[in-house]
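> What follows is a structure written as structure tokens; I'll ask about it next.
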Amino acid sequence: MAQMNPTKPISAFRVLVVEDEQSINDVVATALRYQGYSVTQVLDGHAGLTESVRAVYDLVVLDVMLPGIDGFEVCRRMRENGQLAPVLFLTAKAEAEDRIQGFVTGGDDYVTKPFSVDELVLRVSAILRRSGTVATSELLVYDDLTLDPVTEEVRRSGGLIELSPTEYKLLHYLLVNAGVVVSKAQILVNVWEEDYDGSENIVELYVSYLRRKIDDGRTPLIQTKRGAGYVLRVKS
């Protein structure tokens with residue numbers, strides 16, 4: 001798995017969980033506390049906004065379908081108030097336009113219900129790493145693949161692999177999310193950011209480029225999950 005070098009103890013990371021279904025709220029909070037995070041729980045959008053002002057959080061896990069104020073509106077108001085904590089949406093809406101709305105309102109990632117708790121925990125860790133809350137100066141390592149964020153060197157089984165800037169960013173994103181399936185929409189937002197507004201086919205193209213360099217003649221690491229996206233994982 002990718003290695004992580006925290007800038008502070010895990011117990012110092014504060015996570016706000018905003019979810020109106022008590023059972024889901026408790027499951028998410030328990031899983032995050034088990035990992036060592038400090039977690040605060042609220043059950044509606046108004047309480048989420050109030051709590052986000054009352055204290056400083058490193059990350060907010062935010063349900064979309066909330067009573068009173070929905071999660072998209074909560075996130076939008078947080079951003080208007082200058083609150084920059086990353087937001088991980090929990091959503092039962094899997095359509096592309098709903099996911100895009102989440103990113104447009106200031107969200108950083110999403111998990112579709114029903115979700116794997118293990119995946120949610122991995123995504124929280126990945127978001128904190130991407131946001132700079134945790135340091136990325138150490139090697140990112142998965143199986144025999146390594147990426148050095150300082151020198152930007154990529155190696156597999158010790159051999160140097162030359163990548164274009166976009167290929168490097170794509171591989172970095174897959175490594176940070178190693179073991180987690182990421183969609184084309186998520187890749188576009190995190191790799192191309194605001195610079196591209198065309199077809200998601202560009203993702204397929206660059207994944208194929210990357211596979212030729214990373215996987216050619218070796219055990220494949222970049223797996224396609226049909227209808228879902230891509231994942232960096234040794235195929236079992």
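> Specify the residue that is surrounded by the fewest Cβ atoms within 10 Å (Cβ to Cβ); the eligible residues are those in segment 55-80 that are of a type outside the set (A, V, I, L, M) and closer than 25 Å to residue 125 by Cβ.
So the residue we want is 79.
> Further, regarding this structure: Name the residue, out of 234, 182, that is of a type in the set (A, V, I, L, M) and open to solvent by less than 50 Å² (accessible area, probe 1.4 Å).
Of 234, 182, the one residue that is of a type in the set (A, V, I, L, M) and open to solvent by less than 50 Å² (accessible area, probe 1.4 Å) is 182.
> May I pose another question? Quick check on segment 54-68. Is at least one of its residues within 14 Å of residue 14 (Cα to Cα), in a helix (DSSP H, G or I) and either of a type outside the set (Gly, Ala, Ser) or at pLDDT 85 or above (or both)?
Looking through segment 54-68, at least one residue is within 14 Å of residue 14 (Cα to Cα), in a helix (DSSP H, G or I) and either of a type outside the set (Gly, Ala, Ser) or at pLDDT 85 or above (or both).
> Further question on the same structure: Spot the failing condition for residue 159; the list is (1) more than 19 Å from residue 223 (Cα to Cα); (2) open to solvent by 40 Å² or more (accessible area, probe 1.4 Å); (3) at pLDDT 85 or above; (4) of a type in the set (Gly, Ala, Ser), and only one is missed.
(2)
> Return the residue satisfying two criteria in turn: it lies in segment 200-224 and is basic (Lys, Arg) and open to solvent by 80 Å² or more (accessible area, probe 1.4 Å), and of such residues it is nearest to the chain's Cα centre (by Cα).
Within segment 200-224, the match that is nearest to the chain's Cα centre (by Cα) is 212.
> Next question, about the same structure. I'm checking my understanding of the structure. Among residues of segment 162-172 that are in contact (Cβ under 8 Å) with a residue 40 or more places away in the chain and crowded, with 19+ Cβ neighbours inside 10 Å, which one is farthest from residue 222 (Cα to Cα)?
Going through the qualifying residues, I end up with 163.
> Need the failing condition index for residue 17 against (1) aliphatic (A, V, I, L, M); (2) free of Cβ contacts under 8 Å to residues at least 40 places away in the same chain; (3) open to solvent by less than 80 Å² (accessible area, probe 1.4 Å), just the number.
Looking at each condition in turn, residue 17 falls short on (2).
> Taking segment 20-40 as the region of interest, how many residues are over 17 Å from residue 92 (Cα atoms) and either open to solvent by 60 Å² or more (accessible area, probe 1.4 Å) or in a helix (DSSP H, G or I) (or both)?
Residues that pass the stated criteria total 8.
The values are calculated or read from the model by the stated rules, or taken from the named source; none is laboratory data. If you're wondering where the values come from, they're calculated on a predicted model, not measured in any experiment. Positions of Cβ are generated from backbone atoms using ideal geometry, with glycine treated the same way; all protein chains shown enter the neighbour counts. Ligands, DNA and RNA are stripped out before the accessible areas are found, and what is left, the full protein with its side chains, is counted by its heavy atoms. Shrake-Rupley method; radii C 1.70, N 1.55, O 1.52, S 1.80 Å.
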